[in-house]
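S.K.: Please find one structure pasted underneath; my questions will follow.
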Amino acid sequence: MRKIALVLVAALFSMTSFAQEKWTVDNYHSFLNFNIKHLGISFVDGRMDNYTGEFVGTPEDLTNGQFSFTIDVNGINTGVEMRDDHLKSADFFDTQKFPQMTFQSTSITKVSDSDYLLKGNLTIKGITKPVEFNLVYGGLLEDDGSGNTKLGFQGSTSINRFDFDIDYDPSGQAIGKEVNILVNLEFSKVK
């Protein structure tokens with residue numbers, strides 16, 4: 001009987017030590033950035049300022065985790081109000097009809113020590129397409145001085161805006177077709 005109890009305790013301990021944990025994005029230390037070619041000679045930078053996100057998983061095995069994000073497209077910010085207003089119009093994101101974009105991961109594959117391939121579904125303007133991010137795991141900090149446990153990541157990808165019905169300037173001469181996305185993410189473990 002004692003052996004059975006020890007086996008049950010060991011099994012319970014092993015299951016709880018690898019149980020999925022919930023982490024929420026720290027908006028003060030995370031950035032969703034993008035850039036797109038302008039006139040074929042330079043780039044316009046921007047960011048998304050309003051979003052929520054979470055990671056459900058453990059730092060011991062990121063490959064079993066899942067990321068999900070909801071982004072308020074009205075929070076687009078390129079530093080020029082007139083351009084931002086145009087981006088919110090029907091010419092681009094049409095935020096009256098489609099105020100949010102979402103990302104939901106489908107898999108995380110380890111490539112090397114801190115490099116991963118993150119696959120998921122990105123939805124913009126009601127259109128969902130698969131995307132792949134190169135993901136770098138920055139590490140784990142058990143206590144940031146205020147009792148919080150933190151995870152850090154950086155992800156990058158490129159998408160074709162035409163895949164999401166963002167086809168203003170169909171020639172792609174003034175505004176490039178490819179949008180480069182770079183995200184710097186810090187998550188706080190939910191207590």
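The values are calculated or read from the model by the stated rules, or taken from the named source; none is laboratory data. Not measured: the values here are computed from a predicted model. Cβ sites come from the backbone with ideal geometry, for glycine too, and all protein chains shown count toward neighbours. To get the accessible areas, we keep the full protein, side chains included, count just its heavy atoms, and leave off ligands, DNA and RNA. Shrake-Rupley method; radii C 1.70, N 1.55, O 1.52, S 1.80 Å.
S.K.: How many lysine pairs does the chain hold where the Cα atoms are under 22 Å apart and the two sit 8 or more places apart or on different chains?
M.R.: For the chain, qualifying lysine pairs total 24.
S.K.: How high is the relative contact order of the chain? Use alpha-carbon pairs under 8 Å, at least six apart in sequence, and give a whole percent.
M.R.: Relative contact order for the chain comes out at 24 percent.
S.K.: Can I ask one more? Nearest 10 degrees is fine. How inclined is helix 2-17 to the longest principal axis of the chain, computing both from alpha carbons?
M.R.: 20
S.K.: For the stretch 185-190, in order, what is each residue's ³J(HN,Hα) by Karplus, 6.51 cos²θ - 1.76 cosθ + 1.60 with θ = phi - 60°, in whole Hz (x at glycine and Pro)?
M.R.: 10, 10, 10, 10, 5, 6
S.K.: Still on this model: With a cut-off of 8 Å between alpha carbons and a minimum separation of six or more residues, what is the relative contact order of the stretch 110-191 in percent?
M.R.: For the stretch 110-191, the relative contact order is 25 percent.
S.K.: Follow-up question, since we're still on this one. Please list 3J(HN,Hα) in residue order for the stretch 49-59, calculated via the Karplus relation 6.51 cos²θ - 1.76 cosθ + 1.60 where θ = phi - 60°; whole Hz, with x for glycine and proline.
M.R.: Calculated HN-Hα couplings, in order: 8, 10, 7, 10, x, 8, 10, 10, x, 10, x Hz.
S.K.: For the pair Ala19/Leu117, report the inter-label distance in nm, with labels modelled 7 Å from Cα in the Cβ direction.
M.R.: If labels sit at Ala19 and Leu117, their model points lie 3.3 nm apart.
S.K.: Return the loop-located chymotrypsin sites (Phe, Trp or Tyr not before Pro) in the stretch 96-181 (DSSP other than H, G, I, E, B) with at most 16 other Cβ atoms within 10 Å of their own Cβ; answer none if there are none.
M.R.: Tyr168
S.K.: Still on this model: If DNA, RNA and ligands are ignored and the probe is 1.4 Å, what is the ranking of Lys150, Lys110 by accessible area, most exposed first?
M.R.: Result, largest first: Lys110, Lys150.
S.K.: Here are labelled values, [x] 8; [y] 19; [z] 28, and one is the computed percent of Cα pairs over 31 Å apart for what I pasted. Which one?
M.R.: Matching the structure shown: [z].
S.K.: Tell me the per residue accessible area of the chain using a 1.4 Å probe; a whole number in Å² is fine.
M.R.: 58
S.K.: Right, another one. Helix-only estimate, please: 222 nm mean residue ellipticity of the chain, summing -39500 (n - 2.57) across DSSP H runs of length 4 or more and dividing by its residues, to the nearest 500. Walk me through the numbers before you get to the answer.
M.R.: Details: 2 runs with 24 residues, N = 191.
Result for the chain, helices only: -4000 deg cm²/dmol.
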